[in-house]
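The values are calculated or read from the model by the stated rules, or taken from the named source; none is laboratory data. Predicted model, so just to flag it, every value in this text is computed and none were measured. Every residue, glycine among them, receives a Cβ derived from its backbone with ideal geometry; neighbour counts consider all protein chains shown. With ligands, DNA and RNA removed, areas are computed over all heavy atoms of the protein, side chains included. Shrake-Rupley method; radii C 1.70, N 1.55, O 1.52, S 1.80 Å.
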Amino acid sequence: MQRKATKSPIFFGWYVLATTILIGMVTTGAGNSFGIFVLPLEKEFGWDRVTVTLAVSLGALVGGVTQPFLGHALDVLGGRKVILVSLTVYGLAIVLLSLTFHLLFLVFILGFVSPFALSGTSLTNTSALVAIWFRRMRATAVGFNSAGISLGGLLLVPFAMYILQATSWRIAWAALGLIILVLAVPMAYLFLRDDPAKLGLQPDGDAAPPEQSTDESSSRDLGPLEINEPGMWARSLRSWPMWQMSGSYAICGFTTFILSVPFVPYAIDQ
């Protein structure tokens, strides 16, 4: 059995990681592309900039509120179900933005539907799934997963701008949504799995551990801030390093979000 496990050319966890990287690329890329749509929406509907960005601002608030609930859903239902359903809903929401005809429609999609779905496909949830598949190489795997977020902005925003200039803002939004539905959703369906044990594998693709002292070895593998017991997540609220990390992420998200939406229209104005 051990020899058969070590003969596998590629550990299945790398397929899971590649899929989460792609999910981060397409979802973040689509979300960060909103700035290029500000001027076309202003021109077509006569809205001012505050009105156009209202939907995105509301979406940021909704996303922050719903994130813990989607994280809990991941704990209860498993990462595959939550991420796959959320990814499908998000792709459909981006496609529906191409049908924008009224401010309330824009607010409903960008302010409620898409941020709720995006909470399910967020870096927090995909990293939690990746962490199950990797233990010794967890930092490397989670780092690669985080890189997908930056790649999305680097690749998809210029692509969406090219489509917008070559066709129209409606086609550009439809193209971003179809990329999610045609590429990321099938990948998630094929390669996302909740636990390596369900495939008869160990984290990192290691051989199965010896039957003796299993509890002892698993306890040694836990990190200093890691909780491995159901319902004990509240312990993290009493951890100062956890608050430090959470505060850093909050400041990072707040400052980058302020720039991401108005930057393109401001640069064009200048």
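Just one of the listed residues (VAL89, VAL65, VAL76, VAL50) is open to solvent by 40 Å² or more (accessible area, probe 1.4 Å) and at pLDDT 95 or above, and it is VAL89. In segment 150-159, is there at least one residue being open to solvent by 50 Å² or more (accessible area, probe 1.4 Å) and outside any helix (DSSP H, G or I)? Checked segment 150-159: no residue is open to solvent by 50 Å² or more (accessible area, probe 1.4 Å) and outside any helix (DSSP H, G or I). Filter segment 53-62 down to residues that are under 23 Å from LEU164 (Cα atoms) and among the aliphatic types (A, V, I, L, M) and give me whichever is least open to solvent (accessible area, probe 1.4 Å). Once the filter is applied, the top-ranked residue is ALA55.
Take ILE23 and decide whether it is crowded, with 20+ Cβ neighbours inside 10 Å, part of a helix (DSSP H, G or I) and modelled with pLDDT of 95 or more. Spell out how you get there, then give the answer.
Values: crowded, with 20+ Cβ neighbours inside 10 Å: yes; part of a helix (DSSP H, G or I): yes; modelled with pLDDT of 95 or more: yes.
Yes; evaluated as a whole, the condition is true for this residue.
Identify all residues within segment 72-120 that are in a loop (DSSP other than H, G, I, E, B) and touching a residue at least 40 places away in the same chain (Cβ under 8 Å); write none if there are none. Before you say what the answer is, go through the steps one by one.
First, the residues of segment 72-120 that are in a loop (DSSP other than H, G, I, E, B): 78, 100-102.
If the condition is that a residue be in a loop (DSSP other than H, G, I, E, B) and touching a residue at least 40 places away in the same chain (Cβ under 8 Å), then GLY78, THR100 are the ones that fit.
Quick one: would you say ILE36 is crowded, with 18+ Cβ neighbours inside 10 Å, farther than 30 Å from GLN202 by Cα and out of contact with any Gly (no Cβ under 6 Å at 6 or more places or on another chain)? Yes: the conditions hold for ILE36.
Scanning segment 188-202 for residues that are surrounded by fewer than 20 Cβ atoms within 10 Å (Cβ to Cβ) and in a helix (DSSP H, G or I) yields TYR189, LEU190, PHE191, ALA197, LYS198, LEU199. Before we move on, is LYS81 more than 20 Å from the chain's Cα centre (by Cα), charged (D, E, K, R) and either at pLDDT 95 or above or within 22 Å of ALA267 (Cβ to Cβ) (or both)? Answer is no for this residue. Quick check on segment 243-252. Is at least one of its residues modelled with pLDDT of 85 or more and aromatic (Phe, Trp, Tyr)? Scanning segment 243-252 turns up at least one residue that is modelled with pLDDT of 85 or more and aromatic (Phe, Trp, Tyr). Would a scan of segment 138-148 turn up a residue that is over 16 Å from THR126 (Cα atoms) and of a type in the set (Lys, Arg)? For segment 138-148, residues over 16 Å from THR126 (Cα atoms) and of a type in the set (Lys, Arg): absent. Filtering segment 45-56 to residues that are free of Cβ contacts under 8 Å to residues at least 24 places away in the same chain and either within 16 Å of SER168 (Cβ to Cβ) or not β-branched (Val, Ile, Thr) (or both) leaves GLY46, ASP48. Within segment 164-180, the set of residues being closer than 17 Å to LEU41 by Cβ and either surrounded by fewer than 19 Cβ atoms within 10 Å (Cβ to Cβ) or touching a Lys or Arg at 6+ places or on another chain (Cβ under 7 Å) (or both) comprises GLN165, THR167, SER168, ARG170, ILE171.
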